[in-house]
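Working notes for the structure below.
Nothing in this text is a laboratory measurement; each read-out follows from the coordinates by a stated rule. These figures come from a predicted structure and were not determined experimentally. In this analysis, Cβ positions are derived from the backbone assuming ideal geometry, glycine residues included, and neighbour counts consider all displayed protein chains.
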Amino acid sequence: MTTTSFKVTSSGFIQLLEITDGKYYRRTIQPGDDLSKETPAVRSEAEKIHTPAFVATFRYNRFKDELEHIDLLTAESRAAADSDPTDEILEAKAAKMEVISAGIVSELAAVKAAMDKAG
């Protein structure tokens, strides 16, 4: 038998404590996670908090923070590659960072559209 208790953090994460056969398990559900395997009580609480607008805002902020970090790494990689044009590894790293950055920009645009739609 499993007993589950949960707490909602101020940032919207749901912290679960599950006790099964006397063993304790902790895990966290973040906005946007799949809730299909959760208990009805956990799913109900998550659906109250993790509205489409809340999830879209959470994802937007997460991707925006990642993009700022990736942009910095991309600039550093590009500067290193440009300083030694014969170094194929540096060039490949810079190109990869640019692709990652473009992917995050695309994801940000999709999340922003979802935020606008959710109101």
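Between the residues Pro31, Leu17, Ala56, the greatest Cα displacement towards the positive end of the dipole of the chain, with unit charges on the Cβ of Lys, Arg, Asp and Glu, is found for Leu17.
What is the Cα centroid distance between the range 9-77 and the range 93-119, reported in whole angstrom? Centre-to-centre distance over Cα atoms comes out at 19 Å. Rounded to the nearest 20, the size of the Cβ-charge dipole of the chain about its Cα centre is 820 debye, with Lys and Arg at +1 and Asp and Glu at -1.
Fully extending the segment from Asp116 to Phe13 would add 34.8 nm, taking 0.36 nm per residue of separation and subtracting the current Cα-Cα distance. The modelled label-to-label distance between Asp82 and Ala109, using points 7 Å beyond Cα along the C-beta direction, is 2.4 nm. With the simple model of a label 7 Å out from the Cα in the direction of the Cβ, Tyr25 to Asn61 spans 2.9 nm.
For the range 52-118, a simple Cβ point-charge model (Lys and Arg +1, Asp and Glu -1, everything else neutral) yields a dipole of about 560 debye relative to the Cα centre. On the principal axes of its alpha carbon atoms, the range 2-49 extends 30, 21, 14 Å, with the longest extent given first. Semi-axes of the equivalent ellipsoid of the chain are 39, 20, 10 Å, computed as sqrt(5λ) over the eigenvalues of the C-alpha gyration tensor in descending order.
Computed from backbone phi with θ = phi - 60° and the Karplus coefficients 6.51, -1.76 and 1.60, the 3J(HN,Hα) list for the range 53-68 is 5, 5, 5, 4, 5, 4, 5, 4, 5, 5, 5, 5, 5, 4, 4, 4 Hz; x is used for glycine and proline. Subtracting the Cα-Cα distance of Asp71 and Arg43 from their residue separation scaled by 0.36 nm leaves 6.5 nm. The Rg/Rh ratio for the range 52-118, using Cα coordinates for both the radius of gyration and the Kirkwood hydrodynamic radius, is 1.17.
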